[in-house]
Structure formats: C-alpha cells, structure tokens
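The values are calculated or read from the model by the stated rules, or taken from the named source; none is laboratory data. From a predicted model like this one, the values you see are computed outputs, not experimental measurements. Here Cβ is always computed from backbone atoms with ideal geometry, including for glycine, and neighbour counts include all displayed protein chains.
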Amino acid sequence: MFWKKKAAPAPVEPVVSEPERAKMKINTTLLAQASARPAPAEFAKYEPPAGVVPADQKANLMAMDSAPYEYLNAVGYQYGYQAFPGYPYLAQLALMPEYRKMVATIAEEMTRKWISLRCVGDDDKTDRLDQLDAELKRLNTREVFRLAAENDGYFGRGQIYTEMKVPSGAMASDDPLELNTQLFLDPAKVPKGALVALRSVEPVWTYPTTYNADNPLSPTFYKPDGWYVMAKMVHKSRILTFISRPVPDMLKAAYNFGGLSLIQIAEPYVNNWLRTRNSVGDMVHSFSTSGLAIDMAAALSGDNATSIFDRAELFNKMRDNRGVMMLDKTSEEFFQFNTPLSGLDALQAQAQEQQASICGIPLVKLLGITPSGLNASSDGEIRVFYDGIHALQENLFRAPLKRVLDLAQLSLFGDIDPDIDFMFEPLYQMSELEQANVRKLEADTDAVLIGSNVITTDEARERVAADPDSPYQSLELNEEVDNELEDDDDDPTDDPSSGKA
C-alpha cells in the first residue's frame, strides 16, 4: 500500500502593517497669511497740500478735527467701508474713460437745456429780462456751472468763486481784507458794474477756515465760516459750494468738507468690469493651447536645455505664419487643447452694464446699447433719467443760481426784482410727429370750444401765436377785430339805461 506524501504548507509571509500616518498640522502663521486680506484705507485727518493753508494757521485748524477715527476704522474694517482716497488718486481715476463718461454725461445733461428767465407778475419786464439774460451769458454761467458739476462728480465738491470789483476799481481777489468780508446783497456792497466774473475752483485748492463743531442745534453746525484758497481767506458768501452726495457730520472733516464723489462710489463696479474685460481678452487670445511631446530627460537631468527652448521658439514662430507646421515624426508629438468660449460675451456685457446701475444713466446714453426685442424702446428709461436730472438741478443748482441772479441784478440795475425768477427747461423733447399730434389735438379742442361759443376765433389765434413751439408763433393778431370789439363796448346803444334797443 502506497501512501501519498502530504505537500508541505506554503510559508506564510508576515503581515507588515503600514506605519500610522501622522496627523496633518497647519501652522497658525501660515493660516494667517493665507486668510489675510489687504488692509482697507483708514479714515484719517485730511492733510491739505502745501500752500493751501498758511503754515502758522495749520496746527490750529487741524486741531478742530476731533472725530473718533479709531472707532470709525474699527467699524470700517468690519464692514469694508472705504475712506476718503484723496484728491490725487481721484484725479488719476478721472482720466479713465469709464469714469469720465459717467460724470461728463450728468454734468452736460444738467446744463444742456439750461434755464429760462420769467416774470411772475403782470408787468411787462421784457427789457430787464433780456439784459439779465445777456449778463448771464457774459459771465459764462452755464459753462462754469457745468465745471462745478463735474468737480462734484470727480472729487465730491465743486465750488465757484464770484469775482467782484471793489469801489476803488481793484479786484476783490487782490484785496485780502475784502476777500474775508461778507458779501451782502445790498446796493451799497454790490454797486452797479461790481460783478466781474464767475470762476470754477477745484476742491484740492481749498480748505475750510473755522466751523462750529460744538452745538448741533446751531444752523452753522459743521458749516465752514470761510475757505482758505491757496493761503487766502475767502468768506463763504463769496464762494458757491456744490455737494450732491454729502457725508455724515463725523466724516466731513476727513472728506475736506466735501461729499462722496461719483467715481468713488462706482470704483468697485468699474474695477469688476476692467477685470472681466481683461480676463475675457486673455482667454480669447489664448483659448487654444498647443504643445509638443518630446524627450525631456536631458533637460530634467540638469543638462543644457538650450536646444529645447530653441525648439519652442521655432514652434511659436511657425505657429503664427499661417503656413505649415513641421514636426519630427520619430521623436515629437503634437497636441492641442481648446477652451470653450461660449458665455463669455454675456459675462462681459453684464459686468459692463452694472456700471449704469450706480450712475443712473440709461444704457443707450452711457454705452450706446439699444434694447433688443420686438417693440423694444428706451423711451421710459430716458424719461426716468431726465426726471432724476431735473431733481438734481433743483437740489444742486437752484440756490447758487438764485445767488448769481441776485448779484447780476444788483450789478445791472442796482436792485433785486422779486418778480424775476427762472425755471429749468424740460430735457425731454418730443419728435416732430408727436408735436404735430399735439397741435392736432389742440386745434380740435379749439374748434369744439369755438363751436360752443366758449372762446372766439381771436382768442384761439392768440393762443397759437403765443405758443413758442408752434410754427405760427409770429402770427399777427387781428387788430381791426379787436378795435371793433372795443368800439362795440363803447356804443351807448348797448347801455340799457339809454332806452334804445
């Protein structure tokens, strides 16, 4: 009997356990560096440029600013507020077309149609109105106010200096004592011919003299008594100040008693647009990535890799020659990756259109983009924009224009007529077809009223002749009919007491 020999069991290899991996530890310093954000600009006392404030007065004026900047900066860092960037920085931003288009469009619309003088009484003062209108044109009032509106948009404050002539014949700007005295609206202070010119002054050249920071119940609280203009003290009554976006009282000193500029508010949106535009441009330029698979052993081992870079330079030059790309079929392999470009136009357009939401200018005016779609129109947006411009005219221009108008009347006539006023011309203009439709409706209304004996044809004729938008504005009235009507009124036969029918 044969027994089968049992096979020896296979040797069991010992199980080697992997060493336990050490837990990841992140260095706190490295974590702080990774989560660090650029420090925002802090609120601080405004430092005027050299020469604006006399050196012996600067320390006392700076001491008046007692705003709690430490508290403001702590809160500002938490919420990401932006402090006053300074006039040099704002001046650099004013060179960029995105900001200039916003500010210039608003300033031009505010002065495009301008004003019309009017008399609220029944007296005929056409001659005085004509002289006053000519004086405003001589002073170049519209252009100076446009510059003030632009300075308000660029820097947060615009100012206009009213140049007056003193009784001796010299200019007030050359007389330090006269500059620091109040300019009363009185014929004794403003004689005939005293108003010389209006001059726009950028806020970088001005700094407030003194102001009341103790009594919030006072009407002069945080309102400067005057301004230093390149070391010259000028009374506040001689400078017209324009601030459309004022800041809270505790920030007025930090903003040089100006307001928020439009370009400071729009800066984040413009930066987003510029970053998106540049990113889209870079992506379009390099949407296709080409390469060569070659033997990199020599270069990676530390040998001279000059030949590899020469090959890459040759490849790049031949890629743009719109000709033939030549490869070594035994040692090189060509590959290419293309990045999809769909949707980039929408992202870029969205970033560009967001700028209009800050300045309130319709896209068709700011960017020249017309709405698309059936029966699409920008008429509604234009009307809303004009309503906002009119409100800005009333808030920003009304008081300074009234001041200029009173000074001009004193300089021309020696008195101020309370019946003379002005109104801002409406910005919206109807098309010729719309004007024709309005005239047709008015003519139909006149026909109904004449047929009902409510008005006469002569009264309708007077209305047409008095309409400045009518093509019949120079229509001569029927004086013979008017005389006949007056004669009929004087006829004694119409008197019931005469006994005649």
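Numbers at a glance
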item	result
Tally of residues being in contact with a strand residue (DSSP E or B) (Cβ under 9 Å, 6 or more places away or on another chain), outside any helix (DSSP H, G or I) and surrounded by 15 or more Cβ atoms within 10 Å (Cβ to Cβ) across the range 90-133	6
Criterion (of a type outside the set (F, W, Y), free of Cβ contacts under 8 Å to residues at least 12 places away in the same chain and buried (at least 20 other Cβ atoms within 10 Å of the Cβ)) met by exactly one of A346, A356, A391	A356
Residue satisfying all of: in the range 298-342; among the polar types (S, T, N, Q) and closer than 26 Å to V284 by Cα; modelled with the lowest pLDDT among these	N321
All positions within the range 220-264 that are closer than 26 Å to A356 by Cβ and more than 17 Å from the chain's Cα centre (by Cα)	Y255
Only listed residue being more than 30 Å from V144 (Cα to Cα) and touching a helix residue (DSSP H, G or I) at 6+ places or on another chain (Cβ under 8 Å), chosen from M283, M233	M283
Candidates F385, F422, filtered to the one that is within 24 Å of G360 (Cα to Cα) and not in a loop (DSSP other than H, G, I, E, B)	F385
Among (1) more than 20 Å from A399 (Cβ to Cβ); (2) over 27 Å from the mean Cα position of the chain (by Cα); (3) surrounded by fewer than 20 Cβ atoms within 10 Å (Cβ to Cβ); (4) not aromatic (F, W, Y) - the single one A172 does not satisfy	(3)
Options L392, L433, L410; residue that is under 19 Å from M110 (Cα atoms) and aliphatic (A, V, I, L, M)	L392
Only one of I420, I455, I450 that is β-branched (V, I, T), within 30 Å of L129 (Cα to Cα), surrounded by 13 or more Cβ atoms within 10 Å (Cβ to Cβ) and modelled with pLDDT of 80 or more	I420
Breaking point among (1) under 27 Å from I358 (Cβ atoms); (2) at pLDDT 85 or above, for V52	(1)
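Yes/no matrix, rows are residues, columns are (1) closer than 28 Å to N271 by Cβ; (2) among the aromatic types (F, W, Y):
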residue	(1), (2)
D56	no, no
A63	no, no
Y99	yes, yes
V103	yes, no
